[in-house]
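The next block holds one structure in the form of structure tokens; read it before the comments.
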Amino acid sequence: MPWEMAAVRTLFIIIVISATYHLRPFQLGALNSILLGAVLGLTFVFFEMRLERASLKRLIGAAVGSTLGILAALMMSHLLSVTSVDKGLLSFIQVTLLLLMAYVGLVLGATKGDLLNLSALGGLFTAERQSKRSCKILDTSVIIDGRIVDICETGFIDGTLVIPQFVLRELQLVADSSDPLKRNRGRRGLDILQRMQKMGSVQVQIVEDDFPQTRDVDMKLIELAKLYEAKIVTNDFNLNKVAQLQGLPVLNINELANALKPVVLPGEIMRVFILKEGKEYNQGVAYLDDGTMVVVDNAKKMISKTIDISVTSVLQTTAGKMIFGKYEERRPAEVVHQ
């Protein structure tokens, strides 16, 4: 799609240059007419690209504001035409008023356009607004993480998954890194994207929107989320906090994983596999299937064995949930050798 748009814009500029060359406005020469056509064509294309990034509310506000400004300028011009103002001066004032009022109306309408309630205008814009808000923008970390594919396969993610070009460039840089670990992570991210594109349950859309004035990728994601009125899907703690401070909805994969961990109460009996020795005296460490760490007292000598323990407490940390338990030696029948 990007190369198609570039071809259309190039063709448009060529048409504008041809028109000015043949029409020769202001009695210009051939070379000056070509230069004027090129400047006009590039100006129109730049204006069109800026409009493409504007929200629907701002476009409607700008159109209404400029229309009201032009109407006000015409009324003032009509009143001035019945006065005794010199005809040459009157024409200048009328043109100046028209340009001034149209410009002021355009700027004020675009500025106040965010206050518009499109739902009050009927169902004309409802589908577009809903399709925008159903977008989910993926950042680099959540793509490399890979769990987003499993979530999509379960059907818990709906709408369109948006992948910005600047995120793809960052993934490519990681995949081309000289560090083997980074290179493998980058290639894993690209493989994850390929898997998602082949899935029929979700729609993956790669967008060209960029913000050249912003260098930080996280800030680009925030600006894009504002533009699309979309949610950001991430597992980056800092991006999560910055987006929330700016009032943007965030879907954090780590928070989802923590919320889905089973609830364990003190006194319950759990069966765990003691994997290694703990930091404190006579402790063993086990892990649940979801990665939750279980610290077990009196289990140092039970390493590489599956045992039943009694839960003593549960600690919720920023990194997740930790479970503390105790192994009672009076239950030898509950030990299962691996």
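The values are calculated or read from the model by the stated rules, or taken from the named source; none is laboratory data. Bear in mind that the values here come from a model prediction, so they are computed numbers and not experimental data. Please note: Cβ atoms are built from the backbone with ideal geometry, for glycine as well, and neighbour counts cover all protein chains shown.
Annotations
- Note on segment 86-99: among residues that are among the aliphatic types (A, V, I, L, M) and surrounded by fewer than 14 Cβ atoms within 10 Å (Cβ to Cβ), the one that is modelled with the lowest pLDDT is Leu89.
- Residues of segment 255-292 classified as exposed (fewer than 12 other Cβ atoms within 10 Å of the Cβ), of a type in the set (A, V, I, L, M) and within 18 Å of Tyr327 (Cα to Cα), total: 2
- Among the residues making up segment 133-154, none is over 17 Å from Lys220 (Cα atoms), of a type outside the set (Gly, Ala, Ser) and not in a helix (DSSP H, G or I).
- Of the residues screened, Leu251 is one that is within 42 Å of the chain's Cα centre (by Cα), assigned to a strand (DSSP E or B) and under 30 Å from Leu224 (Cα atoms).
- Any hit, segment 219-235, residues being over 14 Å from the mean Cα position of the chain (by Cα), under 13 Å from Val162 (Cβ atoms) and outside any strand (DSSP E or B): no
- Residue check, Thr43 without any contact (Cβ under 8 Å) to a residue 12 or more places away in the chain, in a loop (DSSP other than H, G, I, E, B) and exposed (fewer than 13 other Cβ atoms within 10 Å of the Cβ): no
- Qualifying positions in segment 293-306 - surrounded by 14 or more Cβ atoms within 10 Å (Cβ to Cβ), within 30 Å of Arg147 (Cα to Cα) and either among the polar types (S, T, N, Q) or in contact with a helix residue (DSSP H, G or I) (Cβ under 7 Å, 6 or more places away or on another chain) (or both): Thr306
- Hits in segment 155-167 - residues which are buried (at least 17 other Cβ atoms within 10 Å of the Cβ) and either out of contact with any strand residue (DSSP E or B) (no Cβ under 8 Å at 6 or more places or on another chain) or assigned to a helix (DSSP H, G or I) (or both): Phe166, Val167
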